[in-house]
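In what follows, a single structure is set out as structure tokens and then discussed.
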Amino acid sequence: MNRVEALEILAKHRGDSPAVTGPSFGGRVLYAIDHRPATIYNMELGYPTAVCLGLALSLPGERIYAVEGDGSMLAGLATLTTVGRFRPENLVILVIDNRAYVTTGSIASATSTGTDLVAIAKGSGIAEAHQAEDPVELDRVMARAASGKGPFFIVASIAQEDMRAVGKSAAMPFDIVESSIRFRRTLEDRGLVPPIWAV
């Protein structure tokens, strides 16, 4: 399974639900596959799951998706204990695990040497923690996560990547600030959050 296949499966099941992606080119790939305005792209390392936890708790009627890389998830492991504590049923965490920090030169991450993110999630109290090694399994688990009782923690193991190839994906025509404003305005338009008025 490669990154594009994994993110196509996410897009298939996510629909218009709010989502936050981690740093690196993964957000650019998702943008190219299926851009939705209720998306914050390229959130800082370690924060997508934390932000989505807050969204899930404040918007219990919405399915919320955090899209992490293994490096970002490793940087934010403590958040999993809070997810396991509050257990928002509408939260889905998808970790795209290539076992490396590709954007910094393919430096190996801890998942390449035995760190088991699924075991950590289960140990934090997240019962619906799953590993998907191929597109069929990922599609099955994501289908359950789209409507089932969560929180869901899903690690999609993907093939190693070459920065020279993946780095060719086109840059997005906006930065995280504009992405965040668009995200907020989209939630306002749906009546999910009150409008913010400039003073």
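The values are calculated or read from the model by the stated rules, or taken from the named source; none is laboratory data. Predicted model only: the values in this text are computed from it and were never measured. Cβ sites come from the backbone with ideal geometry, for glycine too, and all protein chains shown count toward neighbours. Side chains are part of the model used for accessible areas, which takes the heavy atoms of the whole protein and leaves out ligands, DNA and RNA. Shrake-Rupley method; radii C 1.70, N 1.55, O 1.52, S 1.80 Å.
Collect the residues in region 92-114 that are open to solvent by 50 Å² or more (accessible area, probe 1.4 Å) and under 25 Å from Ala145 (Cβ atoms), keeping them in residue-number order.
Step one: list which residues in region 92-114 are open to solvent by 50 Å² or more (accessible area, probe 1.4 Å), which gives 99, 101, 103-108, 112-114.
Once the filter is applied, which keeps residues that are open to solvent by 50 Å² or more (accessible area, probe 1.4 Å) and under 25 Å from Ala145 (Cβ atoms), region 92-114 yields only Arg99.
Can you tell me how many residues within region 115-136 are acidic (Asp, Glu) and open to solvent by less than 70 Å² (accessible area, probe 1.4 Å)?
Start the filter on region 115-136 by keeping residues that are acidic (Asp, Glu), which leaves 116, 128, 133-134.
Now restrict to residues that are open to solvent by less than 70 Å² (accessible area, probe 1.4 Å): 128, 134.
Looking only at that region, the number is 2.
Please name all residue pairs, on different chains or six or more residues apart, with Cβ atoms under 8 Å, provided the first residue is in region 45-60 and is closer than 14 Å to Ser17 by Cα and the second residue is hydroxyl-bearing (Ser, Thr, Tyr) and open to solvent by less than 20 Å² (accessible area, probe 1.4 Å).
Qualifying pairs under 8 Å: Cys52/Tyr65.
Restricting to region 31-52, name every residue that is of a type in the set (A, V, I, L, M), in contact with a strand residue (DSSP E or B) (Cβ under 6 Å, 6 or more places away or on another chain) and either open to solvent by less than 20 Å² (accessible area, probe 1.4 Å) or at positive phi (or both).
Looking only at region 31-52, we keep the residues that are of a type in the set (A, V, I, L, M), and these are 32-33, 38, 40, 43, 45, 50-51.
So of that shortlist, the ones also in contact with a strand residue (DSSP E or B) (Cβ under 6 Å, 6 or more places away or on another chain) come out as 40, 43, 51.
Correct list: Ile40 only.
With respect to Gly84, determine if the residue is buried (at least 16 other Cβ atoms within 10 Å of the Cβ) and farther than 25 Å from Gly148 by Cα. Write out each step before concluding.
Values: buried (at least 16 other Cβ atoms within 10 Å of the Cβ): yes; farther than 25 Å from Gly148 by Cα: no.
Considered against the rule, which asks whether it is buried (at least 16 other Cβ atoms within 10 Å of the Cβ) and farther than 25 Å from Gly148 by Cα, Gly84 comes out as no.
Go through (1) open to solvent by 50 Å² or more (accessible area, probe 1.4 Å); (2) under 15 Å from the mean Cα position of the chain (by Cα) for Leu55 and report which single condition fails.
That leaves (1) as the condition not met.
Which condition breaks for Arg63 when tested against (1) within 16 Å of Arg184 (Cβ to Cβ); (2) crowded, with 21+ Cβ neighbours inside 10 Å; (3) of a type in the set (Lys, Arg)?
Every condition holds for Arg63 apart from (1).
Kindly indicate the residue of region 7-19 that is free of Cβ contacts under 8 Å to residues at least 60 places away in the same chain and in contact with a helix residue (DSSP H, G or I) (Cβ under 7 Å, 6 or more places away or on another chain) and also nearest to Leu91 (Cα to Cα) among those meeting that condition.
Ala11
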